[in-house]
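The values are calculated or read from the model by the stated rules, or taken from the named source; none is laboratory data. No experiment lies behind these values; they were computed from the predicted model shown. Cβ atoms come from the backbone with ideal geometry, glycine included; neighbour counts cover every protein chain shown.
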Ligand SMILES: Nc1ncnc2c1ncn2[C@@H]1O[C@H](COP(=O)(O)OP(=O)(O)OP(=O)(O)O)[C@@H](O)[C@H]1O
Ligand SMILES: [Mn+2]
């Protein structure tokens, strides 16, 4: 007679590495002796793991969270192409409750790690913009859904491929995303048309920019309109990353290299 555990043995047989997502120190201790077979993926390295990948967002979507970890671990050579990995995660709130088996290879590659780690802009700037956009998506503008387009990084080139729709309220200011007052300003200005342009270091260069990239060959999901098309296309012609909040479906999307890299529902955060 086989037990339930026997039947599930295949899932954990012959793993090359174990990825532990956001472990408490007590939980991590059990894995510590695996040494270079264990990778910790978490917002902070509170357990002092030797092999660690920083998680910039909580990623409610488990696939995004795992992809981020696998792409980050491959980039740092913690695992190699074709390695079998057991990801120990918490799907529901609280304790670790699931093991997801994945093979680390090119087919896993979505670019979500690149989006944060290898963008022109500082990873913290991308994260700060995500946070503003997610908050805007949750609350809207005075309770009404609102759309927004943030172009982050490579600001000089972005300015060259765009024109003003109105006076730029950030012309002479030196405000940065992440400054507390900025959230209020961004939400206020997001009622009006056009894009925000943000520098590599997080300085808000302009609001109300109309983007004019060439859009030939840019392929985005059907049903998305001009805001998303312009947001995708500008990332093909520059090294910017764009983060777009849709007024119509409420989703937050990120584009890089002309591709849709990440799609999240702000209500999950
Ligand atoms: N090239 C552009 N540059 C900057 N902003 C743009 C551009 N094109 C459209 N927008 C902004 O996007 C807004 C919405 O346009 P549209 O409905 O076509 O986009 P969408 O992709 O369907 O976005 P949403 O899902 O928010 O409706 C416009 O009112 C304008 O503010
Ligand atoms: Mn629309």
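Those residues that are free of Cβ contacts under 8 Å to residues at least 60 places away in the same chain, in a loop (DSSP other than H, G, I, E, B) and surrounded by 14 or more Cβ atoms within 10 Å (Cβ to Cβ), I need them from region 119-144; list them, please.
If the condition is that a residue be free of Cβ contacts under 8 Å to residues at least 60 places away in the same chain, in a loop (DSSP other than H, G, I, E, B) and surrounded by 14 or more Cβ atoms within 10 Å (Cβ to Cβ), then 140 is the only one that fits.
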* Would you call residue 172 more than 13 Å from ligand 1 (Cβ to nearest atom), more than 19 Å from residue 136 (Cα to Cα) and part of a helix (DSSP H, G or I)? -> no
* To do: Specify the residue that is farthest from residue 164 (Cα to Cα); the eligible residues are those in region 182-211 that are surrounded by 21 or more Cβ atoms within 10 Å (Cβ to Cβ) and at pLDDT below 85.
  => 186
* Residues that are in a helix (DSSP H, G or I) and in contact with a helix residue (DSSP H, G or I) (Cβ under 7 Å, 6 or more places away or on another chain), drawn from region 83-113 -> 108, 112, 113
* Scan of region 233-250 for residues that are farther than 20 Å from residue 122 by Cα and buried (at least 16 other Cβ atoms within 10 Å of the Cβ), ordered by number -> 233, 245, 246, 247, 250
* Residue that is assigned by TED's automatic domain parsing to the domain that holds residue 135, at pLDDT below 95 and within 9 Å of ligand 1 (Cβ to nearest atom), where the choices are 214, 231, 223 -> 223
* Structure fact -> Taking region 193-222 and keeping residues within 16 Å of ligand 2 (Cβ to nearest atom) and without any contact (Cβ under 8 Å) to a residue 12 or more places away in the chain leaves 222
* Structure fact -> Contact list, first residue from region 161-177 and assigned by TED's automatic domain parsing to the domain that holds residue 208 and under 25 Å from residue 124 (Cβ atoms), second anywhere and surrounded by fewer than 15 Cβ atoms within 10 Å (Cβ to Cβ) and modelled with pLDDT under 95, beta-carbon distance below 6 Å, six or more apart or interchain, is none
* **Counted residues, region 234-257 - those being within 24 Å of residue 142 (Cα to Cα) and more than 12 Å from ligand 1 (Cβ to nearest atom)** => 1
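Do we find a residue being in a helix (DSSP H, G or I), within 15 Å of ligand 1 (Cβ to nearest atom) and in contact with a strand residue (DSSP E or B) (Cβ under 6 Å, 6 or more places away or on another chain) anywhere in region 193-211?
Looking for residues that are in a helix (DSSP H, G or I), within 15 Å of ligand 1 (Cβ to nearest atom) and in contact with a strand residue (DSSP E or B) (Cβ under 6 Å, 6 or more places away or on another chain), one finds none in region 193-211, hence no.
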